[in-house]
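Enquirer: First, the structure itself, so that you have it in front of you.
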Amino acid sequence: MSLQSRPIALLRRYSLVIELVGTATGILAVWYFLDLAPAPLGGAAVGITAATIWPHVRRRYGFNRGWGKLFPGVGLVALGAYAFAGTGGNDLVKAAFLIVGAWLTLDAVYDLQSGAGRTEPGAPDQMDRFGDAAIVGQALEGSPRSVAELDDALDLPRERIEDGIETLRTLDVIERQGERYVARLDDRSLTDALRNESGRARERLGGLPERVARPFRLFT
C-alpha cells in the first residue's frame with residue numbers, strides 16, 4: 001500500500017470503531033453535563049448506536065436503504081403526535097417532527113416498494129466511491145501506474161480501483177498513456193480536484209426538488 005493512501009485506507013477500515021467511540025463519548029458528555037435520567041438517556045443511546053451501526057450493516061449484507069428510514073420516520077411521527085397530544089412547547093417544532101417523519105416514512109416505503117433502495121452486499125456507496133477515487137488519485141500523483149500496479153500497491157479490490165479510475169477520468173484529471181494512467185494537474189493535487197469539484201454541489205442542489213418529491217410518486 002502506498003504511504004500516501006495508508007491514512008485514508010486505515011480510517012475507512014476502522015471507521016465503525018472510530019464512529020462508535022465518538023458516539024459513546026457524545027453520550028457520556030450528554031449524561032455528564034445534562035444529568036439526564038437513565039431511561040431516556042438509555043433509549044437515546046440505543047437509537048444513536050443503531051443509527052451508527054446501520055450503514056455498515058446495510059453495506060455488508062445488502063439490506064434495502066428503506067429499512068434505515070422506516071423506523072426513524074415512524075418514530076418521529078409518533079414523537080410529534082405524542083407532543084401534540086400531551087405536552088406544551090413550540091407547535092412548529094412538533095409539526096416539523098410530523099412532517100419530517102411522514103416524509104421519511106413515505107421515502108422508505110418508496111425505496112422498499114420500487115426497489116430504488118436495493119443495495120448489493122459489499123457494494124460501495126457514494127462516499128466510498130469518492131474515497132476510492134481519492135486513494136487512487138493519491139497513488140497516481142507519485143508516478144504513472146497501470147491498473148495492475150495500483151492493484152499491487154493499494155489495499156482495495158480491483159473492481160473498486162477501476163471504479164476510482166473511472167471517476168477520475170470523468171472529472172478529466174487523469175489520462176491514459178498506454179497501459180498506465182497519468183495525472184493531468186500540475187498546480188494542485190488530484191484529491192484537491194475531487195474535493196473542490198463544483199459540479200458535484202450543483203448536481204445535488206439541482207436535483208433537490210425532484211428528490212423531495214420522489215416519495216409522492218407512490219400516489220401517482
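Enquirer: Going by Cα centres, the range 43-98 and the range 127-163 are how many Å apart?
Expert: The distance from the Cα centre of the range 43-98 to that of the range 127-163 comes to 37 Å.
Enquirer: Output wanted: per-residue J couplings in Hz (rounded whole) for the range 93-100, from phi through Karplus 6.51 cos²θ - 1.76 cosθ + 1.60, θ = phi - 60°, x for Gly and Pro.
Expert: Listing the rounded values in order: 5, 4, 5, 4, 4, 5, 5, 5 Hz.
Enquirer: Right, next: At 1.4 Å probe radius, can you tell me the per residue accessible area of the range 125-173 in Å²?
Expert: Details: 2310 Å² over 49 residues.
Counting only protein heavy atoms, the per-residue value for the range 125-173 is 47 Å².
Enquirer: Around Y181, which amide H atoms from residues at least 5 apart in sequence, or from another chain, sit under 5 Å from its own amide H, with H modelled in the peptide plane?
Expert: Excluding prolines and chain starts, which carry no amide H, the hits are R145, S146.
Enquirer: Just subtract the alpha-carbon distance of V147 and Q113 from 0.36 nm times their residue separation and send over the number in nm, one decimal. Show your work: numbers first, answer last.
Expert: On the way: separation 34, 0.36 × 34 = 12.24 nm, distance 3.88 nm.
Result: 8.4 nm gained on full extension.
Enquirer: Another question, then. Full extension from A50 to L16: what is 0.36 nm times the residue separation minus their Cα-Cα distance, to one decimal in nm?
Expert: 11.1 nm
Enquirer: May I ask you to derive the FRET efficiency for F216 and V100 from their Cβ-Cβ distance with R0 = 22 Å, giving the value to the nearest 0.05?
Expert: For F216 and V100, the calculated efficiency is 0.90.
The values are calculated or read from the model by the stated rules, or taken from the named source; none is laboratory data. Please read these numbers as outputs of a predicted model, since none were measured by experiment. All Cβ positions, even for glycine, are placed from backbone atoms using ideal geometry, and neighbour counts span all protein chains on display. Ligands, DNA and RNA are excluded from the accessible area calculation, which covers all protein heavy atoms including side chains. Shrake-Rupley method; radii C 1.70, N 1.55, O 1.52, S 1.80 Å.
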